[in-house]
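Notes follow once the structure below has been shown.
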Number of protein chains: 2
Amino acid sequence: MTNESVPLYQTLANELRDAMSDGRLSAGARLPSVREAAHSRGLSINTVLAAYRQLEARGFVEARPQSGYFVRSRLAAPPAPEAGARAVRPRPIEPAVLDRIASVVAAQADPEHVDLSLACPKGGDFYPAARLARLVADTARRHPHLIGDYSLPPGSRRLRREIARHAQALGLSMESDEIVLTNGCMEALQFALRTVTRPGDAVAMESPTYFNLIPLAKRLGLQIIELPTHPERGLSLDALEMLLSEQRIKAVVCMPDVHNPLGTSMPLAAKRRLASLATEYRVPVIEDALYAELQYATPLQPAVKSFDRDDWVILCASYTKTLAPGFRIGWMEAGRFHREVADLKFCSSVAQPAVLCEALGTFLEDGGYTQHLRRLRRLYASQIDRLRGVIDEVFPTGTRATDPTGGFLLWVELPEGCDANRLFDAALAHGISITPGTLFSPSGRYDRHLRLSGCYPFSDRHIHALVTLGQLAAEQCRGR
Amino acid sequence: MTNESVPLYQTLANELRDAMSDGRLSAGARLPSVREAAHSRGLSINTVLAAYRQLEARGFVEARPQSGYFVRSRLAAPPAPEAGARAVRPRPIEPAVLDRIASVVAAQADPEHVDLSLACPKGGDFYPAARLARLVADTARRHPHLIGDYSLPPGSRRLRREIARHAQALGLSMESDEIVLTNGCMEALQFALRTVTRPGDAVAMESPTYFNLIPLAKRLGLQIIELPTHPERGLSLDALEMLLSEQRIKAVVCMPDVHNPLGTSMPLAAKRRLASLATEYRVPVIEDALYAELQYATPLQPAVKSFDRDDWVILCASYTKTLAPGFRIGWMEAGRFHREVADLKFCSSVAQPAVLCEALGTFLEDGGYTQHLRRLRRLYASQIDRLRGVIDEVFPTGTRATDPTGGFLLWVELPEGCDANRLFDAALAHGISITPGTLFSPSGRYDRHLRLSGCYPFSDRHIHALVTLGQLAAEQCRGR
């Protein structure tokens, strides 16, 4: 086949693929704009577009709205979890898991470590801290009574109205009176579980799951039944339905959008089915939507709650990851459990600080939030691409990683021979903190997995830490 | 006996007593200063002092440091509670009590009502709101990372150090690392109970007790055993010791200083004995010190925890009533339960907002807090005197009230024939909110009692509301 018989767009596509193979174009790099490429190569816009679209269709690049085309990492996805058999019985929470959580949290808090672990930026300009600070300052000065007076529940009407308004982007239709303000999403999850369970009850959780749910369940005397959770298909609804049909669980806790630690989301059809199961089996679904607004693609995929006909879904969320990490303002819409949750808030911690609620309400009102989210989505998408690219380069062959649909977290599977707990210890000895996969299930599964965060500027220090981590993992593989 | 045989100081004392009897000197009025009285009457300073001291010894006036002598109300104290028999068995929590709490809290939140109910000022200049607002503004502007970064536990070291320093005034010797920051005192109480009890356990509480403990206990599945609590002697330690000897309770919850609703404090010897009982029977004492710094007399009486040799006392406190009602920053020192409490905070609500913690720490550091408390104590002492005086004048004969040792709350016993719940309803129909006594015990006792707040400027509106309340109570008495 001579060059002449190859269409022009294919020649361009092949050239770009070669550049990706030999590293001239690395993961996360932006392709020249269609217009630029057309101009510099003397091609028509349609030709360039055809090349870019082929690369996109084959998974080599991805289009990001208003940003252009970016090279994707060639990291493979982790294999699907085993079949649903492991969902059938609760397993005791391993004390070693709780100890490990404590060690990891302590490592995250140490300012000396290079932090690849914490699920929130430390420093950087990811959040509009200065603007929020000015708003807090203005609110405090103009309304000192918000500081001198008792913060009464249910709290700022402005904030609750704005929460309801912005929640429309997730397909939610709520009234401000249905919203209970909480001390972050964690208090919302705590209240949800305390409202719908009693000690000794079993609840279904995703596997892997957000790790802080494990000590919480333990303290509430709950048993956890793990549901296999696939990065692309979400939690196994077949396994869930089996449990429900046997009436063995009092609630399901899940993170259908931008899962922590997977970084991925449940397909729409699965969300719809989950909402139906809740109604059919009259079981509360506790939907953790903490990262849902950080989905890269817009319009956002709607939440499970948007399909909830009979108010069985308790939606928990917060502005901690999307706007104001330091405010600790979360919220919940508890459906049929609203009254109980509102009463529980009053006798558990009364209210949130009025001055911060009012400042946040003002920010949400003036339109800045939508723009901020747009910027943040692009930023985190490129951060995650960059992170995937670095992992691809510096981790041992056979390493796999999820391909997040939002947020700044990534789930990495290391090759055979690696041990995530030992890797955590080894990394810590190099002043690097990571989150081993064993934290994310009550039984300590995922000992070849890591959750890595990508919410930091890629400084030399961070790149160096990732390189070191890859070397430590490679040493483990070789030594197996 | 002629006038000549009466010492000069006695003549003066008698004159002043006459003036109090016929209303020329009403409750809360300030006597002329010793120097003024000596000058205007041509007496020696010692003679005037002797008269004032006799009046003080007999309970007609009280001396307030740096302020002078003030006429005390002649309201009688409520009779002592019955003997300890009622402490012997847990009684179920009356659903009507929980409903009534919800109604009262809703009434407090209605801005249209004249509020004699809420245990916190609404408006007024009781707290340095403007100064705190400036501090929040400055802290936010200088340290925007406190807003843009995640608020990590254990939170502001400056604040915890300052808490430990100021706690010395209550006889407490603590390290900053032993302090867990909480969302107000309510979250501290919640964590204390969740740490030392399991559902089905019984706990001892004072009777009357802070009402919000009742729904909290209910939600935690706890049984409450009521301990008779005397305004001057505190909770019945004999009744407590009987329970402890039978190993029937898992914790004691009490408010030894400036009790809500009584307004009074436990004697020092009783505090010492309570601490000994904790050690002897190895039972956690949850000491609610929310108002302890608002004791009128200084130096402050030490907390029960100051006598705690073996770390059985869990001290819970907050700045909500003493400095910054809108911050919702509380704290606890959990003794031997520290690690468990710190872990519970992390998996229940993670942390408090860093910017408010840092601003509060700065206020506590610069010395303004001590002066503020000095002013607040004098202010609340005179508010309570004023309130007692008004009650004395406008409530039906036979009304009794406690004589608070601190804070701004008062416990009123109405004459036979009155019913606190009906009075609450009648007052609400007049746009006045009060707190009926029935809220303060799980079994709905105290149906002739009210808790009244004195934390508002005595405007015509408030005086009028008190007069109306007295008339409504008098009508109930007559109609009995």
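Here, each number is a calculation from the coordinates, and none is a lab measurement. Quick caveat, the model's predicted, so the values are computed rather than measured. FYI the Cβ positions are ideal-geometry reconstructions off the backbone, even for glycines, and counts take in every protein chain you see.
The angle between the Cα long axis of helix B:8-21 and the longest principal axis of the Cα atoms of chain B comes to about 70 degrees, rounded to the nearest 10. Compute the angle between helix A:95-109 and the longest alpha-carbon principal axis of chain A, please, reported from 0 to 90 degrees and rounded to the nearest 10. Result, in degrees: 70. Note on the protein assembly as shown: dipole from Cβ charges, positive end direction compared against A:Pro215, B:Leu216, A:Thr405; the farthest Cα belongs to A:Thr405. Rounded to the nearest 20, the Cβ-based charge dipole of the protein assembly as shown about its Cα centre (Lys and Arg +1, Asp and Glu -1) stands at 640 debye. Look at the Cα gyration tensor of segment B:106-160: its axes a ≥ b ≥ c give a/c of at least 1.5 with a/b over b/c, and that counts as prolate. The H on the amide N of B:Ser207, modeled in the peptide plane, is under 5 Å from the matching H of B:Leu227, B:Thr229, each at least 5 residues off or on a different chain.
On the rotation that sends chain B to chain A, the chain B Cβ lying closest to the axis gives residue and distance in whole Å as B:Ala137, 2.
Phi-derived couplings, Karplus 6.51 cos²θ - 1.76 cosθ + 1.60 at θ = phi - 60°, listed residue by residue for segment A:41-58: 9, x, 10, 7, 4, 4, 5, 4, 4, 4, 5, 4, 5, 5, 4, 5, 4, 8 Hz, with x used for Gly and Pro. Each label point was placed 7 Å from the Cα along the Cα-to-Cβ direction; for B:Asp447 and A:Val6 their separation is 9.4 nm. Taking 8 Å as the Cα distance limit and 6 or more residues as the minimum spacing, I'd like the relative contact order of chain A as a percentage. Value for chain A: 21 percent. Couplings 3J(HN,Hα) for segment B:353-358, derived from phi with the Karplus relation 6.51 cos²θ - 1.76 cosθ + 1.60 (θ = phi - 60°), are x, 4, 5, 6, 4, 5 Hz, where x marks Gly and Pro.
For segment B:330-341, backbone phi angles converted through the Karplus equation (6.51, -1.76, 1.60; θ = phi - 60°) give residue-by-residue couplings of x, 7, 8, 10, 9, x, 5, 9, 3, 4, 4, 5 Hz, Gly and Pro being listed as x. Per residue of peptide B:104-113, the mean number of Cβ atoms on other chains within 10 Å of the residue Cβ is 1.
For n ≥ 4 DSSP H runs only, could you compute -39500 (n - 2.57) per run for chain A, divide by its residues and tell me the 222 nm figure to the nearest 500? Please list the in-between numbers first.
On the way: 16 runs with 200 residues, N = 480.
Taking each H run of at least 4 residues, the total per residue is -13000 deg cm²/dmol.
Per-residue mean of foreign Cβ neighbours for B:125-137 is 6 (Cβ atoms of other chains, 10 Å radius).
With respect to chain A, whose longest principal axis is taken over its alpha-carbon atoms, helix A:268-281 is tilted by about 20°.
Between B:Glu112 and B:Glu241, the modelled label-to-label distance comes to 5.5 nm, taking each label 7 Å out from Cα in the direction of the beta carbon. Against the compact-protein benchmark of 2.2 N^0.38 Å, the Cα-based radius of gyration of chain A scales to 1.02.
Restricting to bridges with both residues inside the protein assembly as shown, how much of the DSSP beta-bridge set is antiparallel, in percent to the nearest 5?
Working: 52 of 88 bridges.
Of all bridge pairs located within the protein assembly as shown, approximately 60 percent are antiparallel.
Less than 5 angstrom separates the built amide H of A:Gln223 from those of A:Gly200, A:Asp201, A:Ala202, A:Val203, all sequence-distant by 5 or more or on a different chain. Amide hydrogen proximity for A:Gly406: with H placed 1.01 Å from N in the peptide plane, the residues at 5 or more positions away or on another chain lying under 5 Å are A:Tyr296. Longer than 26 Å from Cα to Cα, which of B:Lys250/B:Lys305; B:Lys250/B:Lys321; B:Lys271/B:Lys345; A:Lys321/B:Lys321; A:Lys250/B:Lys345 are they? Say none if no pair is. Result: B:Lys250/B:Lys321; B:Lys271/B:Lys345; A:Lys321/B:Lys321 exceed 26 Å.
Taking the Cα centre as origin and putting +1 on Lys and Arg beta-carbons and -1 on Asp and Glu beta-carbons, what dipole magnitude results for segment A:371-478, to the nearest 20 debye? Write down the numbers at each step before the final one.
Details: 13 positive and 11 negative charges, 110 e Å.
The dipole magnitude comes to about 520 debye.
Each copy carries B:Asp99; placing its label point 7 Å along the C-beta direction from Cα gives inter-copy distances of 5.2 nm, listed from smallest up. Apply the a/c threshold of 1.5 to the C-alpha gyration tensor of segment B:3-71 and tell me whether it is rounded, prolate or oblate. Taking the square roots of the gyration eigenvalues as a ≥ b ≥ c, segment B:3-71 is oblate.
Would you mind calculating the relative contact order of segment A:371-478 from Cα pairs under 8 angstrom and at least 6 residues apart, reporting the percent as a whole number? Numbers along the way, then the final one.
Details: 154 pairs, mean separation 34.1, N = 108.
In percent, rounded to a whole number, it is 32.
This model, with +1 at the C-beta of Lys and Arg and -1 at the C-beta of Asp and Glu, gives segment A:3-71 a dipole about its Cα centre of some 200 debye. In terms of the Cα gyration tensor, with a ≥ b ≥ c the square roots of its eigenvalues, is the protein assembly as shown rounded because a/c is under 1.5, prolate because a/b exceeds b/c, or oblate? Prolate shape, in that a/c is at least 1.5 and a/b is the bigger ratio.
Within 15 Å, Cβ to Cβ, of B:Asp311, how many net charges do the neighbouring residues add up to if Lys/Arg are +1 and Asp/Glu are -1? It works out to a net charge of -4. Between the residues A:Gly148, A:Ser176, A:Ala164, the greatest Cα displacement towards the positive end of the dipole of segment A:129-179, with unit charges on the Cβ of Lys, Arg, Asp and Glu, is found for A:Gly148.
Counting partner chain Cβ atoms within 10 Å of every residue's Cβ in B:335-345, what's the average? It would help to have the intermediate numbers written out before the result.
Details: counts 0, 0, 0, 0, 1, 1, 0, 1, 7, 4, 1.
The mean count of partner-chain Cβ atoms within 10 Å per residue comes to 1.
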